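Everything on this sheet refers to the single structure shown next.
The values are calculated or read from the model by the stated rules, or taken from the named source; none is laboratory data. A quick note: this is a predicted structure, and the numbers were derived from the prediction, not measured. All Cβ positions, glycine included, derive from the backbone under ideal geometry; neighbour counts span all protein chains shown. In case anyone asks, the SASA skips ligands and DNA or RNA and just uses the protein heavy atoms, side chains included. Shrake-Rupley method; radii C 1.70, N 1.55, O 1.52, S 1.80 Å.
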Amino acid sequence: MTITHLVTHSGGFHADEVFSTVVLTRLFPQAELVRTRDPQWLVPAEGRVIYDVGGDFDPARNIYDHHQREAPVREDGAPLSSFGLVWAQFGRDYLRSSGVPEAHLDEVHDGVDRSFVQPVDLVDNGKLSPGEAGALQAMTLPGLIETLRPVFDDKDPEGEIRTFWQAVGIARAFLEARVARSAAKLRAAGMVAEAIVAAGEGRILELPTGMPFRPAVVKAGADQLWFVVTPRGPEDWTLGTIRKFDEGFENRADLPAAWAGLNGVALEEASGVKGAKFCHNGRFIAAANSREAVMEMARLAVDDALARGVV
């Protein structure tokens with residue numbers, strides 16, 4: 001079926017239909033957006049996708065509302081908004097159009113659903129209050145999107161549709177970034193897995209570039225790894241620690257206390273490594289001007305941790 005019209009309600013907008021619009025306009029760029037309460041438009045018909053309005057949910061007829069009695073819910077009973085309904089139906093096609101490999105499709109789809117779509121669903125259905133964010137309430141994504149709505153005495157007849165499209169543009173940037181980050185984590189996981197094999201029983205994980213690495217390290221059970229070496233440029237290499245837990249800042253092993261807060265010559269003298277450039281006072285990252293220098297710092301950091309009884 002060729003989709004010619006995307007139909008949602010007029011009036012004040014919320015995050016759920018804004019994000020639904022992001023997905024649907026990506027997949028059906030030639031379709032006309034119709035924001036209306038006209039009952040004639042809210043009846044399923046060939047070429048229409050109706051969402052967040054219409055009082056029905058039926059993917060076979062392309063209508064995705066959640067305001068009716070006995071509205072659809074997730075398997076765990078959590079309510080769905082139009083975003084959750086549209087993502088379940090069209091999310092994988094959206095990811096394909098974004099270049100996500102087929103092998104990663106389900107994992108990215110489900111990850112975005114859990115961490116990005118479901119919170120919008122819960123807020124829209126009143127099951128999660130932005131007030132739980134405290135002083136940051138107005139800075140939550142649903143809150144920021146709603147601040148774009150016209151103020152009550154804005155009499156510009158085009159103001160509503162203009163601000164709606166502004167909200168869609170902002171929402172599009174966030175959704176695209178979230179998808180890109182999820183897809184990148186899966187690409188990184190494969191590269192980290194190879195680096196873990198190369199590290200063997202050693203304490204140092206060397207990666208070809210900066211990337212998310214801790215999830216793959218944990219998944220591989222590579223508890224022997226303490227430090228990570230990555231290049232940032234031809235004369236800029238970093239030595240970092242690996243956190244023990246997802247939350248907090250405790251590391252498997254800290255960098256040597258004698259290096260803390262030193263730069264340049266002072267760090268070279270303290271470490272004995274020519275080319276050592278910097279060590280953070282928190283002892284979780286250091287830098288050097290060459291691979292040779294940073295690897296020597298890594299070896300010294302391992303020796304220091306062993307001497308301190310780190311296991």
Checking residue 94 against (1) more than 18 Å from residue 168 (Cβ to Cβ); (2) open to solvent by less than 60 Å² (accessible area, probe 1.4 Å); (3) over 15 Å from the mean Cα position of the chain (by Cα), only one condition comes out false. Which one? (1)
Out of 253, 293, 286, report the one residue that is out of contact with any helix residue (DSSP H, G or I) (no Cβ under 8 Å at 6 or more places or on another chain), more than 30 Å from residue 105 (Cβ to Cβ), crowded, with 19+ Cβ neighbours inside 10 Å and touching a residue at least 12 places away in the same chain (Cβ under 8 Å). 293
When the residues of region 217-244 are narrowed to those that are among the hydrophobic types (A, V, I, L, M, F, W, C) and part of a strand (DSSP E or B), which ends up surrounded by the fewest Cβ atoms within 10 Å (Cβ to Cβ)? 229
Being closer than 18 Å to residue 241 by Cα and in a helix (DSSP H, G or I) is the filter here; which residues of region 268-291 pass it? 271, 291
Given the conditions (1) touching a residue at least 60 places away in the same chain (Cβ under 8 Å); (2) buried (at least 16 other Cβ atoms within 10 Å of the Cβ); (3) more than 21 Å from residue 122 (Cα to Cα); (4) not aromatic (Phe, Trp, Tyr), which single one is not true for residue 6? (1)
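Looking at region 195-216 only, could you name the residues that are assigned to a loop (DSSP other than H, G, I, E, B) and within 18 Å of residue 184 (Cα to Cα)?
Step one: filter region 195-216 for residues assigned to a loop (DSSP other than H, G, I, E, B), giving 200-203, 207-213.
The answer is 207, 208, 209, 210, 211, 212, 213.
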Tally time: how many residues in region 202-230 are more than 23 Å from residue 304 (Cβ to Cβ) and either touching a helix residue (DSSP H, G or I) at 6+ places or on another chain (Cβ under 8 Å) or touching a residue at least 12 places away in the same chain (Cβ under 8 Å) (or both)? 9
